[in-house]
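The values are calculated or read from the model by the stated rules, or taken from the named source; none is laboratory data. Note that this is a predicted model, so its numbers are computed, not measured. No Cβ is skipped: glycine too gets one built from the backbone with ideal geometry, and neighbour counts run over all protein chains shown.
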Ligand code: PGA
């Protein structure tokens, strides 16, 4: 049985004051919920604040990106070992906003995934198709290619220390969620792609769904056989909403 994981992706939101308020509401709510892993992925400058606020709480934290390089003349970049120094367990890799706005190709995402693993971080590796690709019947081909870049670079066994997030681009921040059946179909496909190379790892890897998940639709998504939790954007900025999503995951865990 796979334990569920709910990870918040704060994106470029927050302030010291609003983060503090969010965490202060979130921690007591999450302490009532057992049987699910929770994490928040914050902008880099706030990782020290999260380290202080979340240490010992059972809620993990992480970054939203990581450099593919270890150190050196890479102005503006942040390495995996730096993230580890601030207690990060996770980093998101290959988010569609990185891919479309900041030039992260399949190749770069695969390099970042490898760099994260090398420093002991757990990458949350994102895949997903655009609306145009879905309508052209290319969903499986697109996510397979995104996954293949990582499999070529790091092998299937690496997913013993990684998480996958399926995030259809058309569902991110749009209020349009994939139906549970649509999401389940892609999750099962991703798991089968991994199983072709390593059945044991495929069975164990957590595959999260992301894209307009909220308290109102979380339970039906998390009830699907291959949906092992969620990557939550907008709704993770609201403590009550995020806690309710974690609670839905806990309810679906059995
Ligand atoms: P959303 O974002 O929940 O706001 O749709 C999800 C994500 O981009 O990770």
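Going by the structure shown, is residue 143 within 16 Å of the ligand (Cβ to nearest atom), surrounded by 21 or more Cβ atoms within 10 Å (Cβ to Cβ), farther than 15 Å from residue 5 by Cβ and touching a residue at least 40 places away in the same chain (Cβ under 8 Å)?
Judged against the criteria, residue 143 is a match.
Would a scan of region 156-167 turn up a residue that is modelled with pLDDT under 95, in a loop (DSSP other than H, G, I, E, B), within 16 Å of the ligand (Cβ to nearest atom) and surrounded by 21 or more Cβ atoms within 10 Å (Cβ to Cβ)?
no
So which residues in region 206-224 are in contact with a helix residue (DSSP H, G or I) (Cβ under 7 Å, 6 or more places away or on another chain), farther than 11 Å from residue 6 by Cα and without any contact (Cβ under 8 Å) to a residue 60 or more places away in the chain?
Across region 206-224, the qualifying residues are 212, 214, 215, 219, 220, 221, 223, 224.
Among the residues of region 206-248, how many are surrounded by 24 or more Cβ atoms within 10 Å (Cβ to Cβ), more than 10 Å from the ligand (Cβ to nearest atom) and closer than 20 Å to residue 125 by Cβ?
Number satisfying all stated conditions: 6.
Please return the ranges of helices (runs of 4 or more DSSP H) entirely within region 1-93 where 3 or more residues are buried (at least 19 other Cβ atoms within 10 Å of the Cβ) and at negative phi.
In region 1-93, 16-30, 47-54 are the helices (runs of 4 or more DSSP H) which contain 3 or more residues that are buried (at least 19 other Cβ atoms within 10 Å of the Cβ) and at negative phi.
Quick one: count up the residues across region 123-140 that are within 16 Å of the ligand (Cβ to nearest atom) and either in a loop (DSSP other than H, G, I, E, B) or buried (at least 21 other Cβ atoms within 10 Å of the Cβ) (or both).
Number of matching residues: 8.
Please determine, by comparing only the residues of region 168-204 that are part of a loop (DSSP other than H, G, I, E, B), surrounded by 17 or more Cβ atoms within 10 Å (Cβ to Cβ) and without any contact (Cβ under 8 Å) to a residue 60 or more places away in the chain, which one is farthest from the ligand (Cβ to nearest atom).
198
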